Every structure is written in C-alpha cells, then in structure tokens.
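Q: Shown below is the structure under consideration.
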Amino acid sequence: MTRLLIIGSLEAELGHAARIATSRGARLRQADGVTSGMALARSEGFDLILCDVLHDVSWLVSSLEAERIACPVVACGRNADAAAAVRAIQAGAKEFLPLPPDAELIAAMLQAAAGEAEGPVHRDPAMAAVLRRAEGVARAEASVLITGESGTGKEVLARYIHAHSRRANGPFVALNCAALPEALLESELFGHEKGAFSGAVAARRGKFEQADGGTLLLDEIGEMDPRLQAKILRALQEREIDRLGGAGPVRVDVRILAATNRDLAAEVAAGRFREDLFFRLNVVALRIPALRDRPDDILPIAERFARRYAEANGLPLRRFAAAARAALLSHSWPGNVRELENTVHRAVLLAEGEEIGAEAVELHVPVPRAPGAAQASMAEPQPARPIGVAALVGRRMEDVERDLILETLTHCLGNRTRAAEILGISIRTLRNKLHEYRAAGTPVPVAPGQMPVAPFPYAAMG
C-alpha cells in the first residue's frame, strides 16, 4: 500500500486526484502547506508526495534533502500553467502532474512509488518453487532471510511476501543498509529527537516506527556495522527501539524481512556478522535462483519490461524478433534481472520497424572471475579494449585506482553494490572513494533510478 501525502487543498481537481489515489489503494494524508507537510514527512514517512504548485515546491524539496528524507515529490497544477511546471521541475520535483488528473497516470505514479507491484514474473519451475514457499510463510510472523545474487529481485519477493501476509494493509518500508554511512543509517532506522545531533532540527520517526503494523525490509543487511546489528537484535527481541536522543524506548509492531547477496553463515564464521542476529533473521530462508538458472523466465520478464518501457516512453509496443529472442536466451545474464531490465529498456529505445531486432539487443561480455573470488560476487561486463599493464607505467597509483573504480561502476550501470563486489572492497570503502572523487569535481556514474531520463512513470523514484 503506497503511503501518499498531498500538500494543498482537496477541493476541486486536487481532491479528485486524492479520490483516485485512495480508490487505487493508497494510504492518504493531507497537509495545507509545505511546513505542515514536512512535519508529517518527519513523523510518518511517505512513498510519494503530491504538492500543489501554488506552494513552495523548491523549499519542500530542499528541506527533504537537508533532513535526508528520501521521498519523491510530484508537483501538481493546471495544464495551462506551463511556467509553474518548469519551475517545479527545476526546483527538484520528479515530475509534473497536470490537473484535472488522469486516473491511469496517477495509478502508474503510485505503482512506481511502491516499486514492482505486479509481483514476480515466473514460468520456470525453480522460481515457482520459491514463490510457493514464500506464499506458505507469508501469513506467519516469522522473520525471513532472502538471499541471492545482486539483481535477482530480492525486494520484489519481499513485497510479494508482504502482499500475501496478514499485514498487507499495513505499510511496507524498505531500507538499503548499504546506501548510507553508519551514523545516518542509525538515525534512518530508529529516528531521532530534535537536537540529538547537528542538523536534527526536528524530531523524526525512523523506519521501524514508519513500518509499525506492517513490514520492514532490511536490504543488504550483510553490510551493516556490528554495533547496529546489536541494536537490530534488541529491536527483534524486545519489540522496541530507542530514538537517538530519546528519553525512553518506543514500542513497535513490525515484521522483519532481510535480504543479502552475501553468504551470512560465512560472514558469521569470519566474525563480520553476529551469530545471534543471523539465527533471529534466518527463521525461514528463501534463495532466489540466478536468472541463468531459470531460463524459462527470461522471455516473459523481457516482454514485461518491453511493455512497461514502451508505454512509459510513448513508443509502440514491439515484439521481439526471433533473432532477438535467441540472443536473450543465449546470454548468461551475470547481472540477473536488473541487467535484463536495462538491456530491454535500451532495446525499446533503439528499436526500429515493427519488431525489436537482434541489433537493438546490446549485450556485454562477462569479466572472467579471479581465483578465490567470493561466491556472492558475479561476473560483470568488461570494456571492449582492456588496458594493458604497460600502459599504466608512469601513472600515479591513486589515478589508476580512481579510473578502475569509475570504469567498474560505469559497467555496473552505476550499481555500487555490484561494483564493490567486483573490486573486492566493501560498499563503505567504495562510497568514501566516490565522495572524494565528487569533492574533487570528478563525475561519478549513477544507477538509472538515481537520475531519471524518461517521463514518469518509468523514472525510478526514491
């Protein structure tokens, strides 16, 4: 269920948009202005904010960023107000919603904000077995550990479990534990009181409180610092959390799902993950097969992505030509469903004629794995012309390292987790390096979802 905040009067067209959203299952809150809207965003958390252009969209976006509240803002206004639409986009709004609202466009926005709402595509028996097991445990309250290579669709499966659980009418909240440094991650998880640290200008509920009565997905939990692991364990055991700067514990009713591409048992043996937390999370284990191990799913998934991106970009729906289908089936898909999605998106944009031909399906050659590489790591695309060692002589080590990191990130399509795996470094080390490069003015590749390049609802939100 998408958590939607509307900022503005619910009279006339904006009220119609609110009625459409609630009819599509959104959990709706309303604020009269951006100040009261920010207060709600701090205390409750939302998946999407619709803000009337009559209000200060720029202030809202900058305030959300300053307080590190990750929530996309869509500006709303009448079709004739083109100047207001341009100002809103320049201010940081993800998209502009013309009023009177179109029901299907609002539905697409809600679906994009909530993530993959259609459920996992599956035709292969291996994936069907995983989904049967997921359905069997969905209505229980037990924690579930979802494992699998990067890009296999662990969050999609987590949403599927939530949708089939007794908590389906409650919120589904997801947090990527690898996306934030330790200090910010703690605040994001547990919330904070006003003045708890520099920049805490107001009290804010964390993800545990936002997910109260529903489900909390801790994605990439294998990257979490051991100190925070201890706090997660306490939250699971006691069903209460402590806000940063808080005077006492806060009770929470949350079901925990965790996801990782790491072998947590091996991490426990290496002393990098708490054994007691591992057993708490691993009550039920679900492993998603790599895409290469469920070949019957490749074409159905590709067809869904082709339909989605054709609609999002206003292009005709084209079928895959026989040669294109053969190319998709013959590829090993080291980047799994995420790589397939990017490949199909590119093919939809490049295709000409009545079909998507093989020439539009651009595939990358996998990088050979080095001996002793971690099992959780995957092969990644490599440059067409590898640089010889002799060409590196005379260059500074830090320059070589920078180029290697940025080139790897580029060929991982901006996915930091996958790039860190290939480089053999932690996500925290990679994040710190990228911060240094940005500070020095060096452009850093980002994942497609971080930099929308197509009209809503294609643009990944968050």
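Q: Roughly how large, in nm² to one decimal, is the mean projection of the convex hull of the alpha-carbon atoms in the chain?
A: Average of the hull's projected areas for the chain equals 23.6 nm².
Q: Another question, then. What FRET efficiency would be calculated for the residue pair residue 142, residue 194, taking the C-beta separation as r and a Förster radius of 35 Å, to the nearest 0.05?
A: According to the calculation, E is roughly 0.45.
Q: Another one. Taking R0 as 35 Å, what's the FRET efficiency between residue 326 and residue 425 from their Cβ-Cβ distance, rounded to 0.05?
A: 0.40
Q: While we're looking at this one, here's another question. Using label points projected 7 Å from each Cα along Cα→Cβ, tell me how many nm separate residue 40 and residue 90, to one decimal.
A: Label-label distance for residue 40 and residue 90, simple model: 2.8 nm.
Q: What does the extension gain come out to for residue 228 and residue 404, with contour length at 0.36 nm per residue minus their alpha carbon separation?
A: 60.2 nm
Q: Compute the length gained on full extension between residue 123 and residue 32: take 0.36 nm times their separation in residues and subtract their Cα-Cα distance, giving the result in nm to one decimal.
A: Difference between extended and current length: 28.0 nm.
Q: For the pair residue 68 and residue 440, how long in nm is the line joining their label points, each one 7 Å along Cα→Cβ?
A: 2.5
Q: List the lysines whose Cα sits under 19 Å from the Cα of residue 194, skipping any in the same chain fewer than 8 residues away.
A: 207
Q: So, by mean Cβ neighbours within 10 angstrom, what's the order for 427-433, 141-147 with the highest one leading?
A: Ranking, from highest mean packing down: 141-147, 427-433.
Q: Please compute, for the alpha-carbon atoms of segment 3-114, the extent along each of the three principal axes and give them in descending order in Å.
A: That gives 32, 31, 24 Å along the principal axes, largest extent first.
Q: Okay, moving on. In nm, to one decimal, how far is the residue 311 label point from the residue 253 one, both placed 7 Å along Cα→Cβ?
A: About 3.5 nm separates the two model spin labels.
Q: Hydropathy at least 0.0 by Kyte-Doolittle, axial extent at least 15 angstrom from the Cα trace: which helices of the chain, defined as entire DSSP H runs, fit?
A: Helices passing the filter in the chain: 12-23, 103-114, 125-138.
Q: While we're here: From the alpha carbon gyration tensor of segment 236-322, can you work out the equivalent ellipsoid semi-axes (sqrt of 5 times each eigenvalue) and give them in Å, largest to smallest?
A: In descending order, the three semi-axes are 41, 22, 11 Å.
No lab work stands behind these numbers, since they all come straight from the coordinates. Since the model is a prediction, treat every value here as computed from it, not as a measurement. Quick reminder, even Gly has a Cβ in these numbers, built from the backbone with ideal geometry, and neighbours come from all protein chains shown.
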